[in-house]
Amino acid sequence: MNLSVVLSTHAAAFQAVAFKGDFEANVAKIASWGYDGVELAVRDPKLVNAGQLERVVAECGLIVPAIGTGQAWGEEGLSFTSSDPSVRAAAIERISSHVPLAAHLDAIVILGLIRGITPEGQTHEQSMEYLVDAIQQCAAAAEGTSVRFALEPMNRYETDLVHSAADGLELIERVGKNNFGLLLDTFHMNIEDADIEASIRACGNRIFHFHVADSNRWYPGAGHLDFGSILEELEKTGYQGFVSGEFMPLPDADSAAEHGIAHLREVIVSK
Ligand code: LER
Ligand code: MN
């Protein structure tokens with residue numbers, strides 16, 4: 001199973017992005033610890049030199065399996081479900097602008113925080129309609145390319161929209177696009193899903209990407225999740241993608257990344 005870890009291309013406010021700044025040095029460190037890939041958090045692809053980025057990553061022998069987009073919400077307030085049509089349009093435009101970079105890197109585009117939160121005075125159903133429409137527009141923008149989008153069900157403390165794997169599957173039905181699937185994150189699933197392994201089975205080949213953090217959002221092995229069982233179930237679905245570490249930089253980013261991969265390799269080998 002291929003393992004990656006999340007890295008921001010710029011300083012980021014989101015605290016579960018383990019590494020920030022000093023891009024080249026961080027990519028080299030990630031490779032030296034034995035990761036196969038690096039998931040990149042990119043606020044705006046306009047600000048990224050795709051060729052240079054690809055060179056730095058490839059020189060270290062790494063792959064970029066996925067691009068995170070949540071900084072556009074965290075730092076600019078872009079949202080698929082804003083009541084302001086110009087904000088929704090800017091969010092759709094921003095996500096569509098990831099398609100060339102993602103095609104270049106053969107990476108999944110992650111739809112996480114960019115879905116936003118239902119604003120005061122707007123109904124939940126109205127937000128869901130905006131969300132379905134936005135995803136359909138982004139999916140259409142990637143038609144004719146190999147780029148796929150993965151929406152991440154996220155826990156109730158971060159958004160009111162799409163919490164569980166079951167909610168994600170319902171959304172897939174409504175969107176009805178083949179290049180749209182799910183990103184499952186064990187931290188969110190531990191809060192929202194009754195049975196993590198059963199959710200993985202239910203999502204099957206609609207799992208496009210996978211995040212791991214332990215129950216406390218520390219590195220795998222620091223909490224009470226059974227990653228042996230979780231990853232075995234994921235493998236049984238025929239999943240060919242990456243398992244990507246997205247955890248708090250605690251006790252510090254380097255130790256977390258090293259302990260995390262050590263634990264994952266150990267549970268994978270012992271299965
Ligand atoms: C992003 O992948 C994620 O898991 C969210 O919790 C970000 O806040
Ligand atoms: Mn995540």
(message) I need the full set of residues from segment 18-63 which are out of contact with any Ser or Thr (no Cβ under 6 Å at 6 or more places or on another chain), in a loop (DSSP other than H, G, I, E, B) and within 15 Å of ligand 1 (Cβ to nearest atom), in order please.
(response) 18, 43
(request) Go through 204, 223 for me and flag whichever is open to solvent by less than 20 Å² (accessible area, probe 1.4 Å) and of a type in the set (Gly, Ala, Ser). (result) 204
(message) Pairs please, first residue from segment 179-194 and open to solvent by 10 Å² or more (accessible area, probe 1.4 Å), second anywhere and more than 12 Å from ligand 1 (Cβ to nearest atom) and part of a strand (DSSP E or B), Cβ atoms under 7 Å, 6+ apart in sequence or on different chains.
(response) 179/149
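Any residue that is of a type outside the set (Lys, Arg), at pLDDT 95 or above and touching a strand residue (DSSP E or B) at 6+ places or on another chain (Cβ under 6 Å) - is there at least one of those in segment 79-92?
No, every residue in segment 79-92 fails to be of a type outside the set (Lys, Arg), at pLDDT 95 or above and touching a strand residue (DSSP E or B) at 6+ places or on another chain (Cβ under 6 Å).
Restricting to segment 65-79, name every residue that is more than 16 Å from ligand 2 (Cβ to nearest atom) and crowded, with 20+ Cβ neighbours inside 10 Å. Can you show your working first?
First, the residues of segment 65-79 that are more than 16 Å from ligand 2 (Cβ to nearest atom): 75-79.
Result: 78, 79.
Go through segment 140-165 and count every residue that is among the small types (Gly, Ala, Ser), crowded, with 16+ Cβ neighbours inside 10 Å, within 25 Å of residue 102 (Cα to Cα) and out of contact with any Ser or Thr (no Cβ under 6 Å at 6 or more places or on another chain). Working first, answer last.
Restricting attention to segment 140-165, the residues satisfying the condition of being among the small types (Gly, Ala, Ser) are 140-142, 144, 146, 150, 164-165.
After this cut, where a residue has to be crowded, with 16+ Cβ neighbours inside 10 Å as well, the list is 141-142, 150, 164-165.
If we keep only those that are within 25 Å of residue 102 (Cα to Cα) as well, we get 141-142, 150, 165.
So of that shortlist, the ones also out of contact with any Ser or Thr (no Cβ under 6 Å at 6 or more places or on another chain) come out as 142, 150.
Number satisfying all stated conditions: 2.
Consider segment 70-93. How many of its residues are in contact (Cβ under 8 Å) with a residue 24 or more places away in the chain and within 16 Å of ligand 1 (Cβ to nearest atom)? Give the steps one after another, and end with the answer.
Looking only at segment 70-93, we keep the residues that are in contact (Cβ under 8 Å) with a residue 24 or more places away in the chain, and these are 70-76, 78-83, 88, 91-92.
With the extra rule that they be within 16 Å of ligand 1 (Cβ to nearest atom), the set shrinks to 70-76, 78-81, 91.
Count: 12.
Across segment 82-120, which residue is nearest to residue 168 (Cα to Cα) among those that are hydroxyl-bearing (Ser, Thr, Tyr) and part of a loop (DSSP other than H, G, I, E, B)? Let's see the steps before the verdict.
Step one: filter segment 82-120 for residues hydroxyl-bearing (Ser, Thr, Tyr), giving 82-83, 86, 96-97, 118.
With the extra rule that they be part of a loop (DSSP other than H, G, I, E, B), the set shrinks to 82-83, 97, 118.
Numbers: 82: 20, 83: 22, 97: 24, 118: 17 Å.
Selected residue: 118.
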(message) Any residue at all in segment 166-173 that's open to solvent by 10 Å² or more (accessible area, probe 1.4 Å) and within 16 Å of ligand 1 (Cβ to nearest atom)?
(response) yes
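Looking at segment 123-140, is at least one residue in contact with a helix residue (DSSP H, G or I) (Cβ under 8 Å, 6 or more places away or on another chain) and within 16 Å of ligand 2 (Cβ to nearest atom)? Steps first, answer last, please.
Going residue by residue through segment 123-140, those that are in contact with a helix residue (DSSP H, G or I) (Cβ under 8 Å, 6 or more places away or on another chain) are 128, 130-132, 134-139.
From the residues that got through so far, the ones that are within 16 Å of ligand 2 (Cβ to nearest atom) too are none.
No; the residues of segment 123-140 include none that is in contact with a helix residue (DSSP H, G or I) (Cβ under 8 Å, 6 or more places away or on another chain) and within 16 Å of ligand 2 (Cβ to nearest atom).
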(request) Among the residues of segment 102-118, count how many are open to solvent by 10 Å² or more (accessible area, probe 1.4 Å), more than 14 Å from ligand 1 (Cβ to nearest atom) and not charged (D, E, K, R). (result) 4
(message) Considering only segment 80-97, I want to know if a residue exists there that is within 15 Å of the chain's Cα centre (by Cα) and within 16 Å of ligand 2 (Cβ to nearest atom).
(response) no
(message) Could you tell me how many of the residues in segment 174-189 are away from ligand 1 (no atom under 16 Å from the Cβ) and aliphatic (A, V, I, L, M)?
(response) 1
(request) Report, ordered by the first and then the second residue, all pairs with beta carbons closer than 9 Å, sequence separation of six or more or different chains, a first member in segment 154-175 that is free of Cβ contacts under 8 Å to residues at least 12 places away in the same chain, and a second member that is open to solvent by less than 50 Å² (accessible area, probe 1.4 Å). (result) 170/162
(request) Spot the failing condition for residue 174; the list is (1) farther than 22 Å from residue 66 by Cα; (2) in contact with a Lys or Arg (Cβ under 9 Å, 6 or more places away or on another chain); (3) basic (Lys, Arg), and only one is missed. (result) (2)
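Considering only residues of segment 121-139 that are open to solvent by less than 50 Å² (accessible area, probe 1.4 Å) and not in a loop (DSSP other than H, G, I, E, B), which is nearest to residue 94 (Cα to Cα)?
First, the residues of segment 121-139 that are open to solvent by less than 50 Å² (accessible area, probe 1.4 Å): 122, 127-128, 131-132, 134-135, 138-139.
Cutting the leftovers down to not in a loop (DSSP other than H, G, I, E, B) gives us 127-128, 131-132, 134-135, 138-139.
On the way: 127: 19, 128: 19, 131: 15, 132: 16, 134: 11, 135: 12, 138: 9, 139: 13 Å.
Only one residue fits best here, namely 138.
The values are calculated or read from the model by the stated rules, or taken from the named source; none is laboratory data. Because the structure is a prediction, the values reported are computed rather than measured. As a convention, Cβ positions derive from the backbone with ideal geometry for all residues, glycine included, and neighbour counts pool all protein chains shown. Side chains are part of the model used for accessible areas, which takes the heavy atoms of the whole protein and leaves out ligands, DNA and RNA. Shrake-Rupley method; radii C 1.70, N 1.55, O 1.52, S 1.80 Å.
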